[in-house]
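See structure below.
Since every read-out is calculated from the coordinates, none of them should be taken as a lab result. Quick caveat, the model's predicted, so the values are computed rather than measured. Here the Cβ positions follow ideal geometry from the backbone for every residue, glycine too, while neighbour counts run over all protein chains shown.
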Amino acid sequence: MIFLLLNMICFGAFAQTKLNGSIIDEKGQPMPGVSVTLKGTQNGVSSDVNGKFSIGIPDGKGTLVFRFIGYAEQEVAINGQTQLQVQMKNTSKELEDVVVVGYGVQKRSSVTAAVSTIKGSDIATQPVANITSALGGRAAGILATQGSGEPGRDGSNIQIRGISTTGNTQPLVIVDGVPRNYAQLDPASIESFSILKDAAAVAPYGLGGANGVILITTKKGKSGKPTLSYSTYYGWQNPTVLTKFVNAYQYATLFNAADDNIGAPHAYSANDLALYQNHSDPNGHPDHDVLKELISKNTPMTSNNLQLSGGSENVRYYTGIGYLTQDGFWGPTNYKRYNVTANLEADATKTTKVNVSLNGRVEDSRNPGVSSGNIFYQAFRTPPNQPLTFTNGLPGSYISRSAYGNIYGSGYADSLGYTMLTQLSIEQQLPFIKGLSIKVAASYDYNPFNPKAPNDQTSAINSFGRSYLTPIVYYSYDPTTKAITQAGSDGPGNPTYTESFAQSQAFTYQGYLNYHRSFGKSDVTGLVVLEARNTKSSLFTAGRINYNVPIAELNDGSSNSTDINNSGYSLATKQLSAVYRGTYAYDNKYLFEASGRYDGNYYFAPGHRFGFFPSFAAGWRISEEPFIKNNYTWINNLKMRGSWGESGALAGAPFQYLSSFGLYGNSAVINGQGTQGLTENTQPNPNITWERAKKTDIGIEGTLWNGGLTFEADYFHELRSDMLFAPTVTLPAEYGIGLSQVNSGSMSNQGFELTLGTTHRFSKDLTVGISGNITYAKNKLLQVFETAATYDNPNRRITGRPLNTRFGFQSTGFFTPGDFDASGNLKPGIAIQPWGQVHPGDIQYKDVNGDGKIDNNDIVPIGKPYDPQTVYGLSPSITYKQFDFGILFQGAMGRDFYDQVYPFDNSASATIDNMDYWTPTNLNAANPRITTVPATNNIQTSSFWIRNGDYLRLKTFNLGYTIPTGVMQKLHMHSIRVYLSGQNLVTWSKIKNFDPEVSAQNGQYYPQVKVITVGANVTF
Amino acid sequence: MKTPIKYISTGWLLLALAGILSSSCKKSLDSSLDITPHDRLSGPTVFANTSTADLDLNDIYNQLPDGNNYYDPFDNWTDNSICGYAWPNSRNEAQQANYTPATITFGNQALNLDWANNYGYIRKCNVFIANVTASALPESYKTTRLAEARFLRAYFYHLLWMAYGGLPITASPLDFNKDGNSVFLPRSSSDDTYKFITTELQAIASSLPVTPQPGRVSQGAAYTLLGWVQLYNQDFAASAASNLKVMNSNTYSLFADYGSVFLDNTANSEAIFYRQYIPRVKGNFYGSVNGPTFTKGGVETSWGGVDPTQELVDDYAMDNGLPISNPASGYDPKHPYTHREQRFYESIVYDGSFSYNDTIYTRQGINSANEIDLSDHNDAGQTAYYIRKNINVGIQLGPDNWNGLSGGQNYYYFRYAEVLLNYAEAQNEAAGPDATVYAAINQVRSRVKLPNLTAGLSQTDMRTAIRRERRVELAFEDKRWFDLMRWKMGNNLNNPIHGVAIKSDGAGGFTYTPVVPPGGNHKFDVSKNYLFPIPQYAIDQNSKLKQNPGY
């Protein structure tokens, strides 16, 4: 697209006209070095540093040609103008019309698979450390659930098109062609994301593809003058939601009320209550707001990023460095990340292209010696009338644990994660067959290794860890002497220091054979890739306890042999695959594609290691048909497409085909010595294999009114079979050991996706756009292992229902005094509840089968799963003059939440909500009769505690101002944009005590954060 | 039309690549994916030499009940004690006899009576026995180790037998792939189960060493378990004979000091079958979960998991050997803790006594953190008593014991004092209170400086004396439940248990009023509760299992 902007002033015809002009880029910034020639002549100049040029035109006529590497060539007819401004268009616009797919790229117009894309620039300024948390709401089909906001561990769990398996639902992630961890890439270094969703898209990934695939392409250099840019932001973090707890007076009152209910004497006297209320005895009768006192407000988060890219015609480079810091809610927790990216691409010969890329990062995190889950556990537990800290600042305790000491007195756990992703590839056109090229790529990745969850993006990674755990000393207050003295300690009895070293190396070798040729109206492509991948991982730890000097190094601990320990192990993986894809297009209208993979994996027994995963797709570009093209010019593009195919998923654990015994340490003490033990693993299953997914997709996509409306709609269906379950044969409990899993389960998952977008330019100053997407997916268990007890009861049957449907008792409200006779027993005719004596105000459950007693046969479905059925995103944007404004709403519907926080549970505190409990005068209370320990009757899983879990978030917010070109020219800079941005700013949800994406429904987790940032992007 | 030669050549190239993967080289492709795992051993490797086979047996030893690592010991199911906090099993299920086939669980007790768990251990024994028997290991190794494994199997079976009655019995590992539906076994009768256990023990006893490595099974352990199982089955003469074998082996004797038996970490003279610990490496947290809750300035240094009842306290005799119910005993209700027998002071922490470097006050009205917890407010005791027995007050205070497993004292499955009491009881029942009965029980009494029993007791009086002696001597050793069961004294568990409210009488003294603390109302249905219900999941999984009567 070309558009001229200004100044058509006609001076009449002169023999030799001097034409003055200026050249700007898409953002309105002046472009120096653009070549300007008069078409068909040698007459040419180039633009100066301010993007201006001046050229003599012999008769005021002709056409000017503007060229700049990386930008589309433009021709402008002069028509007697003497002043003109030209805007150059970056050819990356053309790149947008290319979609990265498995092992290659395709023109968007000819893609027959379901693929969503997200631009890297969309998330680059979003203040999240972990990229996984930036994807939710941005494209149809993605569900991202962020379970924690803890620095370094704040990744989201990503699912594509809902849940199709009882096993692992994580999609495969490919960075620049290789399976890699992407969570901590520098967002600024990412060019694009492709989300591969249907069979045609994922088939090239074989047994890795069934859960969908996320392809990430990092930035490459573009030929042209070096471009140096700098981005920075500073942000303030706060929890999205904090549970509100009672204060000391409320707590004591509540406890006394509970004592009344169990007929016990009051734990708190009137004097106690008065002291809690008037705060005159802060050490003996404290009143703490535990969470608020532990969590700092407005903790900082910063990011700085420098990028340089450019190149000549034959060599292109991109390099970037990034530095991100994120502080935790309390002093000791912080996270720092250093990223470096370098990509060099050279046309070594006319037919040879060489690419070298390095992508490294160091993650440096520090946490208290106690995990955040345990910190929040104790913080949730500690009642407000317990000494969190004393007036002199020393930590108190509750049930031998110190919530404050857990953070500030527990030592530290440091971890360093080193990642280095490297790749060398050489692509060679083969002159003897036109259209044929080969490419070989070798990748070596050095990664941290998390033995517990090698694929988990949400846990902290660790190459080198140092943890120094100290006794957590706490103090007590003597009300008589008013002395505050050391009372005891939690944590290890003696300082314990541990170092760990973990590493994983991945070697990936790929050989590509690529073919592309057009014959008349036919266009043919072919691709074959052979891939071998293996990984080697190892872990080593060493530690000592008992430090008598204040130096935490291995050398300085006790030399007593029982104080010294170490351990370690290694493991390896292997995979061998062949990928193919062939496409055929006739007349650019009828599109056909077949792709797949022959995949082998070490998980399984010889003879069961290889599988074949094919797919087929077809498309019809209706808009190319004459009856559309000639009649409806407002239809720019309209395509129908469909695909079918199979893919796989590795589930369960490797080596289930082997009969084996596992070795463990610290077995029985024999002869006064510790021993090792060997324990029989499950009985093997030599036939075990991967899960298999059959996916069908039908889609339609179009562009109308020159982009006035874009849409894409898909229906999808998946049948997942061979899911791993415990064998369907029921073995007696006396069997004494489990059998290995068998491939016996199946489930279906279907739904639709819709993406809509529109942009309207009201004037040259005002552009308004809005785009949105919605995904609905509903799964159904078809065949799962189920005991007769649930299968034979239609109310309890899991089969035929969505995975993780909630089952429990149907609450009918509270027992009322009228339900009891004079001696306090239930009147005849009321079903007996088996969890001890019930009282008015206890939860009554529905006797579903009418047998006069409540038992497991009265269990019914009571709620939808935690994972939502519908997710959506909506992102309006406005550009007005120098201002740009964009927000992203992200929401979920069709989920239920189990909101069950009992007062005094395990001697814990109570929330404000717990104060609304049943009494004879508060019959419609939110909570049952209060007791000092939750009554067993009232903590049964029941519909009483089910809440609608729908939520809507203002996920991101962006308000930017770009400094006008004129000012920039005076500054001799290219561009500056300053912005205000936010993440998770507002959440609308019926869940009041927690963030709706809470990972631990008892709240004992590090909450999600909302962030407000100010930032700037500068291009020099 | 021209032959599209380039299509063909491209096609050949693709075919050639596909050929690489064709079946002809599938084998080598398969083997190129071979990985030998480093985190497991194959079955044949394990039983190829004695050192790896021993590791498998170690694993079985490791499954023995870990009595010093529970926070809700089995005596909390009885009239001996109550848990100081409200959430454990004993408070919610056991004392109320709330257990049903659907809910029965034994997660937190010192004796793990869980159905599926114990059958898992029995399978381990069967796997070891089958593989070692079939192996080429030396005969000398086989003899001893097979006897150990068979003893351990009998031990697990006897726990289940006491808890549930007749059992499905298998002496070889079940294999569904080989045996099909014959892995679904019905319950044998209680008698047949008893016969299986006793026959096994008799068969292997002589193959066991008299003094094995500490922690391993000895000949004495086999005869002790045999004698106990026989006593449990009221096979009194046989039991007396089995116990006599242990007494006559001249291998065991009572420790001089009662209290220190429970702090010992060695193969001491009283230890017959026991579990060893290594502090911190493989230690226990008995003291930090079961000892007095608050010490030094009201800081919680333990959980108060075992609060002795007034009923138990009343069963400790006076130091003159007379029970407090005897008017001649000199018992003074105003000073209930004076002139009691030695075991009282070595077993119970009471108001004003010293423990963990602190004087423990459980009385009311002085703001003591350990004041009897009648509102179930926190972990403070429910009864105004804590335990001292088996608590090593010498180790570092605080939750380190819990986290750091710093306890090292043995857990005794059987110690010699029980053999003497088992003998006395069996012989009294079989032959009446003869001199050997007196000799056995007086040996236990004289160790704690109590006078001998009065001569000439009737068989009934002797029975009463033995039962009192047994309750006191073996308190908190997880014996009380099965004693009540075999004596058919379940009805005792229908009486509420008591603590004591201690208040100043305003005249420098105190009043001691029995109170029923929260959770103190016990239930026991004598029509069915002498046996636990078979868990519903086990019946669901094996329709041949018949439920015990009444459930």
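Excluding the site residues themselves, the longest part of chain B lacking any trypsin sites (Lys or Arg not before Pro) in a DSSP loop with at most 13 other Cβ atoms within 10 Å is B:3-333. According to the calculation over all Cα-Cα pairs in chain A, the P(r) per 20 Å bin from zero is 11, 36, 35, 14, 3, 0 %. Over 22 Å apart at the Cα level, from the set A:Lys107/A:Lys197; A:Lys61/A:Lys881; A:Lys197/A:Lys220; A:Lys220/A:Lys439; A:Lys197/A:Lys778, are A:Lys61/A:Lys881; A:Lys197/A:Lys220.
Taking a quarter of the surface of the Cα convex hull of the stretch B:73-123 gives a mean projected area of 3.7 nm². Working from label points 7 Å from Cα in the Cα-to-Cβ sense, the A:Val986 to B:Ile366 distance is 6.2 nm.
In chain A, a dipole from Cβ-located charges (positive for Lys and Arg, negative for Asp and Glu) runs towards its positive end, and of A:Ile878, A:Ser280, A:Leu888 it is A:Ile878 whose Cα lies farthest in that direction.
For the stretch A:123-194, the fraction of C-alpha pairs more than 21 angstrom apart is 24%. Per residue, the convex hull spanned by the Cα atoms of the stretch A:641-742 amounts to 177 cubic angstrom. Once the cut-off is 19 Å, how many percent of the Cα-Cα pairs in the stretch A:917-1000 end up in the long-distance tail? I get 66 percent for the Cα pairs in the stretch A:917-1000 exceeding 19 Å.
Computed from the C-beta positions of A:Phe501 and A:Thr227, the FRET efficiency with R₀ = 41 Å rounds to 0.55. On a 18 Å Cα-Cα criterion, which of the cross-link pairs A:Lys18/A:Lys39; A:Lys18/A:Lys225; A:Lys695/A:Lys780 come out too long? Exceeds cut-off: A:Lys18/A:Lys225.
The helix-based estimate of mean residue ellipticity at 222 nm for chain B, built from -39,500 (n - 2.57) per DSSP H run of four or more residues and divided by its residue count, is -11500 deg cm²/dmol to the nearest 500. Electrostatic bookkeeping for A:Lys244 treats Lys and Arg as +1 and Asp and Glu as -1; over the other residues with beta carbon under 11 Å from its beta carbon, the sum is 0. Ignoring lysines fewer than eight residues from A:Lys297 along the same chain, the ones with Cα atoms less than 23 angstrom from its Cα are A:Lys244, A:Lys336, A:Lys955, A:Lys992, A:Lys1010.
Taking Cα atoms only, the orientation of helix B:459-473 departs from the longest principal axis of chain B by about 70 degrees. Summing charges over neighbours of A:Asn671, with a neighbour being any other residue whose Cβ is under 15 Å away from its Cβ, gives +2 when K and R count +1 and D and E count -1.
Stokes-Einstein diffusion of the stretch A:72-180 at 4 °C, 1.567 mPa s viscosity, Kirkwood radius from Cα pairs, rounded to a whole number: 74 µm²/s. Which residues does the label zone of A:Glu293 cover in the stretch A:224-265, counting backbone N under 14 Å from a point 7 Å along Cα→Cβ? Zone members listed by number: A:245-249.
What residues of the stretch A:754-775 lie in the reach of a label at A:Tyr961, counting those whose backbone N is under 19 Å from a point 7 Å from the Cα along Cα→Cβ? Taking a point 7 Å out along Cα→Cβ of A:Tyr961, the residues of the stretch A:754-775 whose backbone N falls under 19 Å are A:765-767. Between A:Asn630 and B:Trp87, the simple label model (points 7 Å from Cα in the Cβ direction) yields a spacing of 7.9 nm.
Name the residue from B:Val261, B:Leu201, B:Thr224 whose Cα lies farthest towards the positive end of the charge dipole of the stretch B:185-266, charges +1 on Cβ of Lys and Arg and -1 on Cβ of Asp and Glu. Of the options given, the answer is B:Leu201.
Take the Cβ atoms of B:Lys449 and B:Thr266, set R0 to 25 Å, and the FRET efficiency comes out at 0.55. Annotation note: GluC sites (Glu not before Pro) in the stretch A:713-808 located in DSSP loop regions with a Cβ neighbour count of at most 12 within 10 Å are absent. Taking a point 7 angstrom from the Cα of A:Asn856 along the C-beta vector, which residues in the stretch A:785-810 have backbone N less than 13 Å away? Output list for this probe position: A:786-793, A:796-797. Shown here: the stretch B:310-439, whose C-alpha atoms stretch 54, 40, 25 Å along the first, second and third principal axes, sorted largest to smallest.
Stretched out straight at 0.36 nm per residue, the stretch from A:Lys881 to A:Ser567 would grow longer than its current Cα-Cα span by 106.7 nm. Near A:Thr573: Cβ cut-off under 10 Å, other residues only, Lys/Arg at +1 and Asp/Glu at -1. The net charge is +3. When the convex hull of its Cα atoms is viewed from all sides, the stretch B:384-492 shows a mean projected area of 9.1 nm². Against the compact-protein benchmark of 2.2 N^0.38 Å, the Cα-based radius of gyration of the stretch B:88-185 scales to 1.32. Under 5 Å between amide H atoms, partner at least 5 residues away or on a different chain: which partners does A:Phe807 have, H built in plane at 1.01 Å? The list, which skips near neighbours in sequence, is A:Ile862. Helical content of chain A, expressed as a calculated mean residue ellipticity at 222 nm, amounts to -2000 deg cm²/dmol (DSSP H runs of 4 or more residues, -39,500 (n - 2.57) each, divided by residue number, nearest 500). Summarised as an ellipsoid, the stretch A:423-575 has semi-axes of 60, 19, 11 Å, derived from the eigenvalues of the Cα gyration tensor scaled by 5 and square-rooted, with the largest first. Put simply, the stretch A:595-689 fits an ellipsoid with semi-axes of 59, 16, 7 Å; these come from the alpha carbon gyration tensor as the roots of five times its eigenvalues, largest first. If R0 is taken as 60 Å, the Cβ-Cβ distance between B:Thr211 and A:Val105 corresponds to a FRET efficiency of 0.15. The magnitude of the dipole of the protein assembly as shown, with charges of +1 and -1 set on the Cβ of Lys/Arg and Asp/Glu and taken from the Cα centre, is near 5540 debye.
How many Å³ per residue does the convex hull of the Cα positions in the stretch A:719-807 occupy?
Convex hull volume per residue, Cα atoms: 157 Å³.
Compute the long axis of helix B:115-134 from its Cα atoms, compare it with the longest principal axis of the Cα atoms of chain B, and write down the angle in degrees, 0 to 90, nearest 10. For B:115-134 against chain B, the angle is about 60 degrees.
Ignoring aspartates and glutamates fewer than eight residues from A:Lys574 along the same chain, the ones with Cα atoms less than 19 angstrom from its Cα are A:Asp445, A:Glu531, A:Asp599, A:Glu691, B:Asp30, B:Asp34, B:Asp39.
Taking all Cα-Cα distances within the stretch A:858-976, those exceeding 23 Å account for 60%.
Tell me the relative contact order for the stretch B:38-152 as a rounded percent, counting alpha carbon contacts under 8 Å between residues six or more apart.
Relative contact order comes out at 31 percent.
In this model, which of A:Lys521/A:Lys639; A:Lys292/A:Lys482; A:Lys434/A:Lys694; A:Lys827/B:Lys546; A:Lys222/A:Lys434 are farther than 29 Å apart at the alpha-carbon? From A:Lys521/A:Lys639; A:Lys292/A:Lys482; A:Lys434/A:Lys694; A:Lys827/B:Lys546; A:Lys222/A:Lys434, over 29 Å: A:Lys434/A:Lys694; A:Lys827/B:Lys546. Take every pair of alpha-carbon atoms less than 8 Å apart whose residues are at least six positions apart; their mean separation over the length of chain A yields a relative contact order of 11 percent. For chain B, the Stokes-Einstein estimate of translational diffusion at 25 °C and a viscosity of 0.890 mPa s comes to 95 µm²/s, using the Kirkwood hydrodynamic radius over alpha-carbon pairs. The radius of gyration of the Cα set in the stretch B:248-319, together with its Dmax, comes out at 16.3, 51 angstrom. Amide H contacts of A:Ala487: A:Tyr474, A:Tyr475, A:Ser476, each under 5 Å away and 5 or more positions distant or on a separate chain (H built 1.01 Å from N in the peptide plane; Pro and chain starts excluded).
Helix B:236-248 and the longest principal axis of the Cα set of chain B meet at an angle near 90°. Extending 7 Å from Cα along the Cβ direction at A:Asn706 and again at B:Ala435 yields two label points whose distance is 12.3 nm. Over the C-alpha trace of the stretch A:540-620, radius of gyration and Dmax come out as 28.1, 81 angstrom. Over the stretch A:163-277, the ratio between the Cα radius of gyration and 2.2 N^0.38 Å evaluates to 2.15.
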